[in-house]
1. Given the C-alpha centroids of segment 120-172 and segment 248-304, what is the distance between them in whole angstrom?
2. I need the calculated FRET efficiency for the pair residue 91 and residue 112, taking r as the beta carbon distance and R₀ as 41 Å, to the nearest 0.05.
3. Here is the link list: 188/297; 204/297; 162/188; 85/204. Which ones come out longer than 23 Å on Cα distance?
4. Please sort 126-133, 12-19, 259-266, 83-90 by packing, taking for each peptide the average over its residues of neighbouring beta carbons within 10 angstrom, highest first.
5. Explain nothing, just the number: dipole magnitude of the chain about its Cα centre with +1 on each Lys and Arg Cβ and -1 on each Asp and Glu Cβ, in debye rounded to the nearest 20.
6. Between residue 228 and residue 159, what FRET efficiency follows from the Cβ-Cβ distance if R0 is 41 Å, with the result rounded to 0.05?
7. P(r) for segment 3-300, please, calculated from all Cα pair distances in 5 Å bins and given in %.
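What follows draws every value from the coordinates through simple rules; no lab data is involved. From a predicted model like this one, the values you see are computed outputs, not experimental measurements. Because the Cβ atoms are built from the backbone with ideal geometry, glycine has one as well, and the counts that use them run over all protein chains shown.
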Amino acid sequence: MNLVSVGTVAFDAIETPFGKTDKIIGGACTYISLSASYFNSNPRLISVVGEDFPQETIDLFNQRGISTEGLQIKKGEKTFFWSGKYHTDMNTRDTLDTQLNVLETFDPKVPDSYQDCDILMLGNLLPAVQYNVLKQMRNRPKLIVLDTMNFWMETALEDLKKVIKEIDVLTINDEEARLLSGEYSLRKAAKLILEMGPKYLIIKKGEHGALLFHEDNVFFAPALPLEEVFDPTGAGDTFAGGFVGYLSKCKEINWENMKSAIIVGSAMASFTVEKFGIDRLVEVKEEEINSRIEAFKTLTSFSL
């Protein structure tokens with residue numbers, strides 16, 4: 001199945017208890033596309049960068065089979081930049097600096113060659129921008145996945161609800177699920193959110209795994225216990241990339257394949273956190289991915 005992802009391609013500067021970086025490559029669409037490229041031979045991205053974005057990273061995308069036809073390069077402008085500092089628990093962070101730059105006026109265009117899209121992954125962006133992309137699709141994709149965050153729930157809720165009505169899968173964390181639904185119980189929260197439009201809901205719980213909801217069905221995938229976690233930036237986007245990348249290999253989209261996709265996404269995310277930025281993600285070998293998926297099976301296997 002053909003896969004298109006929309007989101008940021010950016011610069012990050014990150015500080016964790018294990019070290020800090022200068023300006024490095026980041027962005028939701030970067031992590032999604034790189035992760036998906038392990039399962040889909042030609043994922044396509046839609047994003048925007050400035051003239052300062054390195055050509056070698058665009059070359060890396062192309063080497064991974066990622067189409068950059070939908071990547072706008074704004075002459076004389078700067079790429080979106082985010083800087084953050086993680087606390088000791090690695091689950092909470094402070095934003096130190098945000099420079100929207102080219103993102104401030106981002107008007108995504110869907111190339112004609114992307115119109116045969118089967119799976120559309122809408123990475124975390126302004127809901128109105130996500131909706132704009134949806135409306136540019138001449139035919140509705142077989143699966144539309146949306147990622148969003150608490151900031152949009154607090155500042156653009158009506159626009160967000162408008163997009164949520166149109167999608168198939170919503171992926172948010174537990175704090176966001178409670179904010180969006182007004183319910184503390186995640187089971188109750190999921191029921192209310194599914195009534196807003198999506199057929200499936202993924203609630204991410206960071207180092208505690210992820211929950212998948214569909215009608216009355218619930219599936220839980222743990223996070224793999226790791227010896228070292230250097231940088232959680234991009235882990236959620238890597239998860240999303242592995243999730244949609246795996247589904248793009250499936251002949252049909254159903255509950256069983258969704259469960260497998262959750263495990264694959266979790267496995268991919270477990271690589272990203274082992275180094276800063278995209279460094280670990282771009283060096284992963286197929287045998288490592290298979291080994292880590294097997295580790296998930298062992299982690300959750302038991303008999304009575």
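1. Distance between centres, Cα-based: 25 Å.
2. Numbers: r = 42 Å, r/R0 = 1.03.
E between residue 91 and residue 112, to the nearest 0.05, is 0.45.
3. Details: 188/297 28 Å; 204/297 19 Å; 162/188 21 Å; 85/204 21 Å.
Violating the 23 Å Cα-Cα cut-off are 188/297.
4. Working: 126-133: 19.6, 12-19: 17.2, 259-266: 22.9, 83-90: 14.8.
Packing order, densest peptide first, comes out as 259-266, 126-133, 12-19, 83-90.
5. On the way: 32 positive and 44 negative charges, 163 e Å.
Charge dipole of the chain: 780 debye, to the nearest 20.
6. On the way: r = 39 Å, r/R0 = 0.96.
Result of the calculation: an efficiency of 0.55.
7. Going out from 0 Å in 5 Å bins, segment 3-300 shows 1, 5, 12, 18, 20, 19, 14, 8, 2, 0, 0 percent.
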